[in-house]
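Presented below is the structure to which this report refers.
Just so it is clear, none of the values below were taken in a lab; they were calculated from the coordinates. Note that the structure is a prediction, hence the values are computed from the model and not measured. Backbone-built Cβ (ideal geometry, glycine too); neighbour counts: all protein chains shown.
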Amino acid sequence: MKVEGNIASIGISDHAQTLLGDIVFVELPEVGDEIEKGETFTSVESVKAASDVYAPVSGTIVEVNESLADSPELVNEDAEGKAWFVKVEMSDPSEFDDLITPETYKASLHED
């Protein structure tokens with residue numbers, strides 16, 4: 001997740017896309033939808049399985065990455081870059097402070 005001001009770009013991690021395998025579909029929510037931290041806001045389908053994606057913060061979706069509708073494989077190519085799912089105007093930016101850092105996340109992957 002990347003944050004610029006009060007806007008969070010949300011997708012899945014490179015690690016998650018690796019575990020899922022070849023992504024074949026990303027369900028995109030609608031602009032204006034409200035999401036709640038910890039709740040499912042979309043799903044991703046791969047050749048292996050379908051997986052729910054949970055909101056790391058609460059807010060209103062202000063933009064969706066329409067390119068994923070026609071090219072879901074972008075998630076495999078650039079999960080943490082161009083393949084963001086939604087941009088959310090955070091209703092409570094302090095929720096971001098509760099998240100672990102990317103470094104802590106990556107370190108925890110090596111512990112498994």
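Of the residues making up segment 10-34, just one is under 12 Å from the mean Cα position of the chain (by Cα), farther than 19 Å from T104 by Cα and not in a loop (DSSP other than H, G, I, E, B), namely V26.
Just one residue in the set D14, D33, D22, D52 is of a type in the set (D, E) and touching a helix residue (DSSP H, G or I) at 6+ places or on another chain (Cβ under 8 Å); that residue is D22. Identification of strands (runs of 3 or more DSSP E) wholly contained in segment 50-112 with 2 or more residues that are of a type in the set (S, T, Y) yields 50-54. Output the number of residues of segment 77-98 satisfying the condition of being closer than 14 Å to I23 by Cα and over 13 Å from the mean Cα position of the chain (by Cα). Number of matching residues: 1. Could you tell me whether E27 is free of Cβ contacts under 8 Å to residues at least 24 places away in the same chain and crowded, with 16+ Cβ neighbours inside 10 Å? So E27 fits the description; yes.
The single residue among V3, V44 that is surrounded by 13 or more Cβ atoms within 10 Å (Cβ to Cβ) and in contact with a strand residue (DSSP E or B) (Cβ under 7 Å, 6 or more places away or on another chain) turns out to be V44.
Taking the criterion of being free of Cβ contacts under 8 Å to residues at least 24 places away in the same chain and charged (D, E, K, R), the only residue of segment 1-24 that qualifies is E4. Consider segment 76-112 and keep the residues that are out of contact with any Gly (no Cβ under 6 Å at 6 or more places or on another chain) and among the polar types (S, T, N, Q). The one that is surrounded by the most Cβ atoms within 10 Å (Cβ to Cβ) is N76.
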